[in-house]
Amino acid sequence: MVGRRDFFKGAAASAAGLVVGGSAAPREAEAAVVPPPSVRPPTEADMQAEFGLPRAESRGLALQQEGATAVTESEPASDYMVDVLKKLDFEYAAINPGSAFVGLHESFITYTGNKNPELLTCLHEEAAIALSHGYAKAAGKPMLAMVHGVVGLLHGSMALFQAWADRVPLFLIVGMHRNPTGIVNLPHSAQDLGTIVRDFVKFDDETTTLERFAESAMRAYEIAMTPPRGPVMLVVPTELQEERISRGQRPRVPELARLTPPVGDPNAVREVARLLVNAETPLLMPRKVARTQQGWDAMIELGELLQCPVDPGGYGSWQNFPTWHPLWGNGGSAYRPDVTVAMEMSDMSQLARTARAQGRKTISISAEHVFGHSNIHDYGRYAEVDLMVAGDAEATLPILIEEVKRLITADKRRTLDERGARVAATHREAHAKYVDGLRYGWDANPISVPRMVGELAEQIKNDDWALVSGSQFTIEVQRRLMNFDRHYRYNGDNGGFGVGYDTPASLGAALAHSKRGRLPIAIVGDGDLNFSPGSLWTAAHHRIPLLYVVHNNRAYHAEVMIVQRMSGNRGRGSGHAHVGTTIDNPNINYAQMAKGYGMYSEGPIENPKDLAAAYSRALERVRKGEPALVDVVAQPR
Amino acid sequence: MRPLSIWLVTVVVCFATIDLAAQAQAARPAGDASRGKQLFEKTYRCYACHGYDGQTGSPRLVPMQMTEQAFVAFLRKPPREAMPRFADVPEQDLTAVYAYIKSIPVAAPPADSVPILRDVLQRRGQSGQTRTR
């Protein structure tokens, strides 16, 4: 799609072409065939009026005309900005182009040769920021994203919100004309641009000088990376990017301070350890805890030390424990936890209330407790826990483990091991029962979700795979059929429960994983894919290896159910729930859509017997470094 | 065996036979199964949660264990909030849906005949603790 701002840029180029070069004859010939436009093309004078010329780059041209010495003795300010950003070690910058950050854009592609960061062309700002979201969780560090003032920011705001709710660091630069004069740039600037998204960014600043840009960039990065992590944003005036600075007056590039996360108070952690070790039926509930190998290992160590169930939950959780581990689960319906320790759980109000009423204890360890503010109700309801430990759970785990070790005697060890054996037996039985249930409808058409996931799991079981899509409605089947035995096997979900995350975010995560030699796979809903189909082009254009499996169930099925429920409650007829909720008539052919974007695809696959071969062919492409898509016409969930 | 005992046994067997026949009669759905399929898939969209064949969703409907009467009562006033109410739906629609569900054969191959599931169970069984302590 060509946006208004791009249209004007195109118009500017055409106008320049008219002035600078080209033969007049072909243009006259064209004019003879094509009727003259009702609106005349913009002239140089129009462009000056629109964009407030002469701009800094025009001043640069003037300098060039005055003599080469002047140019070599000065440099674009955006080159300096790029040097600052290089300190932050960005591998990629996701963008949808916009004239308000063209100074930086040009510096990235010519001053640093489009390397570190390499620009990723996205077809929508929401896709660009969501791509950064998925990448940050997989890579453990932010990706740079750049968008245009107001319009680009508004397009990207949804993805920014999702990253906020998911506590994921993003680094966003918004270009904006500080002194707009034309009809286009006036609505693309604001007195206080940050206010548009301030409710869901951790930090924002408008960088009015280069020194401030440098300091704010370092500060923003530190804030983004300090738990609870989150997106940050710098508004960088177009005029500042395009200024020329004398090399002698180049500000110093600051150094990034080494970061340490907030850790729980040692006395409180000691109390948590005492309660856990003395509990008869403790339960660990990690949520957004371990995105590193160390955190993953620490969760396993704590679970095995205590020999208690570890229940990572579903929605809103990152995977923090191996799904086929004997202790993975909630201990079964008969297991009544007397001490529950939740880590980075956003809302444990119901859990805490119920436990308190029954005389059982609940503890929360979370960086959320040192959190400043939120206008969004993503912090949940107030939880009446017995002990609230303010600190990053992953960073607190090593201290907790040492305290637990110190308290476990030989006698206690035997008791804990007996408990662990009982828990493991319960979990083994539950897993077997669940998997046995998956054979129902195994040969069904439309294809059953277990079949869709199972055939995929079978083909990648010997690969070093990474599932980069969110949980959706298939996560439980995935966990039962796929062994999530590494910290990177699952990348978590959207954070804010908004559709449209999976398709672009999976791509960002795939980028991070493919550099580490892993096989990225994503199971995305057809509803999600339709929010950001242009991501398929980004995947094809940048040759990002990723297998998209489209769970094509042709409706927003959760909504079918809730509309049905509303109709039933109101007693006004129950036969119309499909209106406004289904995506059929006509059915969408996602395989064809992918081909249109230049991606290898298979499907639509309707017969379950065709699935294995389709996956095999698509995976062959992905293993060679290409993206591929398999469109699976499947049961709703 | 005494005559009285023989008589008693005969009576019990007769009653049992009559009862079984009555149960069989009661178990045979009164509704129109083919119409029920239309209602299940196109009108009331039951498949959205329970799967097109009633056995791939949650909860699984096949094999249907409820009696027709219990099924209709359940739909009129579901005990679970997640389940929509069908209080205003004509009874013949509900009995037709019941008839359709009853007509669906269980399509579940034995677990050990599905290599993927068998392999998962085997590999999960071999997965143990890392014994880091």
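The values are calculated or read from the model by the stated rules, or taken from the named source; none is laboratory data. Computed from a predicted structure; not experimentally measured. Backbone-built Cβ (ideal geometry, glycine too); neighbour counts: all protein chains shown.
Pick from A:D502, A:D528: which is buried (at least 21 other Cβ atoms within 10 Å of the Cβ), within 21 Å of A:A290 (Cα to Cα) and among the acidic types (D, E)?
Answer to the selection: A:D502.
For the list (1) surrounded by 24 or more Cβ atoms within 10 Å (Cβ to Cβ); (2) assigned to a loop (DSSP other than H, G, I, E, B); (3) within 10 Å of chain B (Cβ to nearest Cβ), I need the number of the one condition that A:G495 fails.
Of (1) surrounded by 24 or more Cβ atoms within 10 Å (Cβ to Cβ); (2) assigned to a loop (DSSP other than H, G, I, E, B); (3) within 10 Å of chain B (Cβ to nearest Cβ), only one is false for A:G495: (3).
Write out, first by first residue and then by second, each pair whose Cβ atoms fall under 7 Å of each other, whose residues are 6+ apart or on separate chains, and whose first residue, in the stretch A:611-636, is within 8 Å of A:P545 (Cα to Cα) and away from chain B (no Cβ under 14 Å) while the second is part of a helix (DSSP H, G or I) and not acidic (D, E).
Listed by first residue and then by second, the contacts come to A:P627/A:A539; A:P627/A:A540; A:A628/A:A618; A:A628/A:R621; A:A628/A:V622.
Being surrounded by 15 or more Cβ atoms within 10 Å (Cβ to Cβ) and more than 8 Å from chain B (Cβ to nearest Cβ) is the filter here; which residues of the stretch A:577-594 pass it?
Residues satisfying the conditions are A:T581, A:T582, A:I583, A:I588, A:N589, A:Y590, A:A591, A:M593, A:A594.
Just checking, which of A:F213, A:F200, A:F161 is crowded, with 20+ Cβ neighbours inside 10 Å, farther than 28 Å from A:Q293 by Cβ and under 11 Å from the mean Cα position of the chain (by Cα)?
A:F161
Touching a Lys or Arg at 6+ places or on another chain (Cβ under 7 Å) and in a helix (DSSP H, G or I): is that true of B:D93 in this structure?
For B:D93, the condition - touching a Lys or Arg at 6+ places or on another chain (Cβ under 7 Å) and in a helix (DSSP H, G or I) - is not met.
Run A:G437 past the list (1) closer than 19 Å to A:A612 by Cα; (2) modelled with pLDDT under 95; (3) facing chain B (nearest Cβ under 8 Å) and report the number of the one that doesn't hold.
(1)
Is it the case that A:G508 is among the small types (G, A, S), in contact with a Phe, Trp or Tyr (Cβ under 7 Å, 6 or more places away or on another chain) and more than 30 Å from B:G128 (Cα to Cα)?
Here the answer is yes, as A:G508 does meet what is asked.
Does A:D485 count as closer than 25 Å to B:Y52 by Cβ, surrounded by fewer than 22 Cβ atoms within 10 Å (Cβ to Cβ) and at the interface with another protein chain (Cβ under 8 Å from one of its Cβ atoms)?
Answer is no for this residue.
Can you name every residue in the stretch A:243-264 that is more than 15 Å from A:S216 (Cα to Cα) and either part of a strand (DSSP E or B) or under 31 Å from the mean Cα position of the chain (by Cα) (or both)?
Matches in the stretch A:243-264: A:R244, A:I245, A:S246, A:R258, A:L259, A:T260, A:P261, A:P262, A:V263, A:G264.
What is the residue count in the stretch A:386-423 for residues that are in a helix (DSSP H, G or I), under 15 Å from A:V339 (Cβ atoms) and in contact with a helix residue (DSSP H, G or I) (Cβ under 8 Å, 6 or more places away or on another chain)?
Counting residues in the stretch A:386-423 that are in a helix (DSSP H, G or I), under 15 Å from A:V339 (Cβ atoms) and in contact with a helix residue (DSSP H, G or I) (Cβ under 8 Å, 6 or more places away or on another chain) gives 6.
Per-residue answers, yes or no, for (1) assigned by TED's automatic domain parsing to the domain that holds A:L172; (2) within 24 Å of A:I129 (Cβ to Cβ):
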position	(1), (2)
A:S216	yes, yes
A:L234	yes, yes
A:P237	yes, yes
A:R244	yes, no
A:A257	no, no
A:A273	no, no
A:T281	no, no
A:P286	no, no
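May I ask you to list the residues in the stretch B:88-117 that are loosely packed, with under 15 Cβ neighbours inside 10 Å and either at the interface with chain A (Cβ under 9 Å from one of its Cβ atoms) or in contact with a strand residue (DSSP E or B) (Cβ under 9 Å, 6 or more places away or on another chain) (or both)?
B:D88, B:V106, B:P109, B:P110, B:S113, B:P115
Return the only residue of A:G391, A:G454, A:G420 being closer than 29 Å to A:A334 by Cβ and modelled with pLDDT of 95 or more.
A:G420
Check A:P504, A:P520 and return the single one that is within 16 Å of A:V630 (Cα to Cα), touching a helix residue (DSSP H, G or I) at 6+ places or on another chain (Cβ under 6 Å), not hydroxyl-bearing (S, T, Y) and not assigned by TED's automatic domain parsing to the domain that holds A:S346.
Among A:P504, A:P520, only A:P520 is within 16 Å of A:V630 (Cα to Cα), touching a helix residue (DSSP H, G or I) at 6+ places or on another chain (Cβ under 6 Å), not hydroxyl-bearing (S, T, Y) and not assigned by TED's automatic domain parsing to the domain that holds A:S346.
Checking A:G359 against (1) more than 30 Å from A:V477 (Cα to Cα); (2) free of Cβ contacts under 8 Å to residues at least 40 places away in the same chain; (3) crowded, with 21+ Cβ neighbours inside 10 Å; (4) of a type in the set (G, A, S), which test does it fail?
Going through the list (1) more than 30 Å from A:V477 (Cα to Cα); (2) free of Cβ contacts under 8 Å to residues at least 40 places away in the same chain; (3) crowded, with 21+ Cβ neighbours inside 10 Å; (4) of a type in the set (G, A, S), A:G359 breaks only (3).
Of everything in the stretch A:613-637, what is crowded, with 17+ Cβ neighbours inside 10 Å and outside any strand (DSSP E or B)? Give them in sequence order.
A:A614, A:Y615, A:A618, A:L619, A:R621, A:V622, A:E626, A:Q635, A:P636, A:R637
Would you mind finding the one in A:L131, A:L104, A:L120, A:L154 that is over 14 Å from the mean Cα position of the chain (by Cα), part of a helix (DSSP H, G or I) and more than 24 Å from A:R244 (Cα to Cα)?
Answer to the check: A:L154.
Would you call A:R178 assigned by TED's automatic domain parsing to the domain that holds A:V235 and at positive phi?
No, not satisfied.
Return the total of residues in the stretch B:27-42 being within 14 Å of chain A (Cβ to nearest Cβ) and of a type outside the set (D, E, K, R).
So the answer is 4.
For the stretch A:440-457, which residues satisfy the criterion of being surrounded by fewer than 17 Cβ atoms within 10 Å (Cβ to Cβ) and at the interface with chain B (Cβ under 7 Å from one of its Cβ atoms)?
A:D443
Can you tell me how many residues in the stretch A:349-371 are closer than 26 Å to A:T226 by Cβ, of a type outside the set (S, T, N, Q) and assigned to a helix (DSSP H, G or I)?
4
Looking for whichever is facing chain A (nearest Cβ under 7 Å), part of a helix (DSSP H, G or I) and either surrounded by 14 or more Cβ atoms within 10 Å (Cβ to Cβ) or touching a residue at least 12 places away in the same chain (Cβ under 8 Å) (or both) here; the options are B:R124, B:R85, B:R45, B:R60. Which one fits?
From the options B:R124, B:R85, B:R45, B:R60, the qualifying one is B:R124.
Which condition number does A:A145 fail, the rest of (1) touching a Ser or Thr at 6+ places or on another chain (Cβ under 8 Å); (2) in a loop (DSSP other than H, G, I, E, B) being met?
(2)
Looking for whichever is part of a loop (DSSP other than H, G, I, E, B), assigned by TED's automatic domain parsing to the domain that holds A:K624 and out of contact with any helix residue (DSSP H, G or I) (no Cβ under 7 Å at 6 or more places or on another chain) here; the options are A:D463, A:D443. Which one fits?
A:D463
Which of (1) crowded, with 20+ Cβ neighbours inside 10 Å; (2) within 25 Å of A:E606 (Cβ to Cβ) does A:G437 not meet, given it meets every other one?
Status for A:G437: all satisfied but (1).
Quick test of your reading of the structure: A:G303 fulfils all but one of (1) more than 12 Å from chain B (Cβ to nearest Cβ); (2) under 25 Å from A:R356 (Cα atoms); (3) out of contact with any helix residue (DSSP H, G or I) (no Cβ under 8 Å at 6 or more places or on another chain). Name the failing condition by number.
(1)
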